[in-house]
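Comments concern the structure below.
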Amino acid sequence: MGTNRDGNMPTKTSNLRSRAENHLDATTGFSQTGDETKRLLHELQVHQVELEMQNAELLQSREELETSRNKFAELYEFAPVGYFTFTTNGLIHEVNLAGAQLLGIERQLLTNHPFASFIADSEGEDIFSQHLQMVMNRQGLLKCEVRLKANHGALLHGQLQSVAVSIQNRPDHILTSIIDVTTRKQLEEALQQAHDKLESTVHERTEELLKTNLRLTQEIAERRKAEESLKITLTEIQELKDRLRAENVYLQQEVAEEYNFGEIIGQSNAISYVFFRVEQVAPMDTTVLLLGETGTGKGVVARAIHSRSARKNRPMITVNCTALPGNLIESELFGRERGAFTGADARQMGRFELADGGTIFLDEIGEMPLELQCKLLRVIQDGEFERLGSPRTIKVNVRIIAASNRNLEEEIKNGRFREDLFYRLNVFPITMPPLRQREEDIQLLVNHFVAKFNKKIGKKIVTVSKETLHALQNYNWPGNVRELESVIERAVITSQGSALQVLDRFDTLQTAADPGVQNIKALTELEHDHILQVLQKAGWRIEGHNGAAVLLGINPSTLRARMRKFGIRRQ
């Protein structure tokens with residue numbers, strides 16, 4: 001508060017002071033002292049300032065409220081959604097511009113107008129009535145959809161969303177927003193029509209396919225019946241033809257099949273005992289150790305054990321410990337991670353992982369480095385290992401079959417094989433007999449190999465002379481069955497006509513075991529010499545009636561390949 005030009009308080013304050021003094025005099029009945037009057041005057045001045053400040057704040061709040069009201073009024077008026085206020089009996093109390101445009105009528109004409117008059121059907125009227133009742137009862141936000149008929153006659157779909165406003169716990173009016181969902185409804189109807197049409201088309205096509213399938217099934221059945229009849233006829237003709245042409249070969253093959261144990265062929269006591277041992281151990285998960293000379297068929301026996309086990313539908317993984325370099329055998333067996341060593345550019349699963357659930361055949365186990373035997377022992381004992389370059393332990397379920405042509409007990413004495421690993425492998429040993437102890441099996445093996453290479457090469461060898469068989473039976477076969485197979489393959493290639501001609505000089509080879517015999521020709525040298533002699537006899541003609549290929553009983557291309565192999569050129 002300031003002072004006037006004369007240094008006195010403003011008139012308003014002076015009047016207030018005078019009135020205050022008069023009031024005090026009237027109420028108290030005694031005069032105020034000067035000090036008391038000054039104090040009261042100061043308090044009144046403070047109150048006056050407070051009132052003026054409060055009036056200013058109220059004025060500012062009123063202006064802000066008016067601004068906000070105008071803003072929301074504009075939003076309400078020009079919103080793209082129709083806003084309605086309904087009475088509890090469904091009369092329109094208030095509507096914004098968008099709502100009036102939706103119904104196609106001026107706003108002032110909608111006041112106190114029943115909204116139900118804009119609903120296109122009686123079903124919609126019932127829905128609207130129930131909607132209002134539920135909104136008032138539940139006091140919550142609810143939705144419904146009705147078909148509306150605007151004042152200009154257009155039909156549309158409206159989605160209503162309503163909430164009740166209560167006063168003193170009683171519904172007073174209802175606030176509703178209405179959105180035009182006609183386009184959405186049309187799309188839904190179009191989608192439903194397309195779905196119905198597609199479903200009908202699928203049904204029709206399914207019926208057509210069923211009819212076609214039935215017709216094709218009948219045609220296939222008739223065709224199969226005709227094919228079976230034709231096959232039976234052709235089979236009968238082929239059987240008669242084959243029986244007349246090669247009865248001797250079939251009889252020999254039947255004999256061979258009688259003693260054929262999978263891929264193992266023989267009837268001798270020695271090989272029959274191997275059959276017995278295989279049948280004993282095959283159904284088990286027992287570790288098997290196959291012992292015997294090179295070429296006796298340890299790999300064939302391993303496959304026979306696997307094929308008769310419960311693991312036959314899982315793989316049998318073969319590892320030749322001799323064929324793998326010492327620096328790679330560990331990664332081949334147990335796998336490696338990328339970067340485990342120089343050159344390990346990618347992650348690789350080991351053979352034990354590949355054999356999980358099946359069988360692993362460790363051929364020539366005696367060649368395994370001593371430092372890896374400890375890791376193999378752990379796999380046998382615990383069924384677990386780690387890849388190279390990885391700390392993660394991998395568990396596998398693998399049956400182990402091992403084979404060796406060495407005397408492992410001697411290897412243990414010489415410090416080249418772990419004794420504890422030997423005991424783990426030697427649970428069920430099977431020793432393969434050498435071919436020199438299976439003289440009665442040689443004829444069966446010869447017949448088997450002749451039939452095998454007849455089919456492979458395209459020859460028709462049907463007889464084996466007694467002299468040839470006698471020579472084969474009297475040879476000691478240091479290479480065992482593998483050597484016999486090579487001799488028969490070579491004989492089938494070089495034989496002329498239908499009789500097997502073995503050109504190898506077994507009398508010379510028989511004495512090869514004698515250290516005093518020198519300059520013994522190898523079997524390949526004998527074949528080289530024979531081909532050279534026939535070429536010279538044919539005047540170096542390969543093809544034609546009197547060509548070397550005809551004399552040898554082989555194809556010209558095969559002869560040329562043999563000539564390249566042996567380095568034979570025309571002299």
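The values are calculated or read from the model by the stated rules, or taken from the named source; none is laboratory data. Given the structure is predicted, the values throughout are model-derived calculations rather than measurements. Reconstructed Cβ throughout: ideal geometry from the backbone, glycine too, with neighbour counts over all protein chains shown.
Of all the listed residues (GLU125, GLU94), the sole one being farther than 27 Å from LYS185 by Cα, modelled with pLDDT of 90 or more and in contact with a strand residue (DSSP E or B) (Cβ under 7 Å, 6 or more places away or on another chain) is GLU94.
Filtered by the rule that a residue be part of a helix (DSSP H, G or I) and either surrounded by fewer than 22 Cβ atoms within 10 Å (Cβ to Cβ) or basic (Lys, Arg) (or both), segment 449-462 gives ALA451, LYS452, PHE453, ASN454, LYS455, LYS456, ILE457. Of a type in the set (Gly, Ala, Ser), buried (at least 16 other Cβ atoms within 10 Å of the Cβ) and assigned by the TED database to the domain that holds GLY99 - does that describe any residue in segment 123-144? Yes, the conditions are met somewhere in segment 123-144. Comparison of GLY343, GLY350, GLY335 shows that the only residue that is in contact with a strand residue (DSSP E or B) (Cβ under 6 Å, 6 or more places away or on another chain) and at pLDDT below 90 is GLY335.
Every residue, every condition in (1) more than 36 Å from the chain's Cα centre (by Cα); (2) within 17 Å of GLY292 (Cα to Cα); (3) crowded, with 20+ Cβ neighbours inside 10 Å, yes or no:
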residue: LEU377; (1), (2), (3): no, no, no
residue: ILE380; (1), (2), (3): no, no, no
residue: GLU386; (1), (2), (3): no, no, no
residue: ARG424; (1), (2), (3): yes, no, no
residue: THR431; (1), (2), (3): yes, yes, no
residue: LEU435; (1), (2), (3): yes, yes, yes
residue: GLU440; (1), (2), (3): yes, no, no
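Listed by first and then second residue, the pairs linking a residue in segment 451-476 that is more than 22 Å from ARG438 (Cα to Cα) to a residue that is assigned to a helix (DSSP H, G or I) and among the polar types (S, T, N, Q), with Cβ atoms under 7 Å apart and 6 or more places separating them unless they lie on different chains, are LYS460/ASN454; ILE461/ASN454; VAL462/ASN248. When GLN168 is tested against (1) modelled with pLDDT of 90 or more; (2) at positive phi, only condition (1) is not met.
Looking across segment 109-145, just one residue is charged (D, E, K, R), under 16 Å from GLN161 (Cβ atoms) and in a helix (DSSP H, G or I), and that is ARG138.
Listed by first and then second residue, the pairs linking a residue in segment 481-500 that is more than 22 Å from PRO434 (Cα to Cα) to a residue that is among the aromatic types (Phe, Trp, Tyr) and at pLDDT 90 or above, with Cβ atoms under 7 Å apart and 6 or more places separating them unless they lie on different chains, are VAL492/PHE453. Here LYS241 clears all of (1) more than 30 Å from GLN437 (Cα to Cα); (2) at pLDDT 85 or above except the condition numbered (2). Among residues of segment 162-181 that are in a loop (DSSP other than H, G, I, E, B), none has a beta-carbon under 6 Å from a residue that is modelled with pLDDT under 90 and not acidic (Asp, Glu) at least six positions away or on a different chain.
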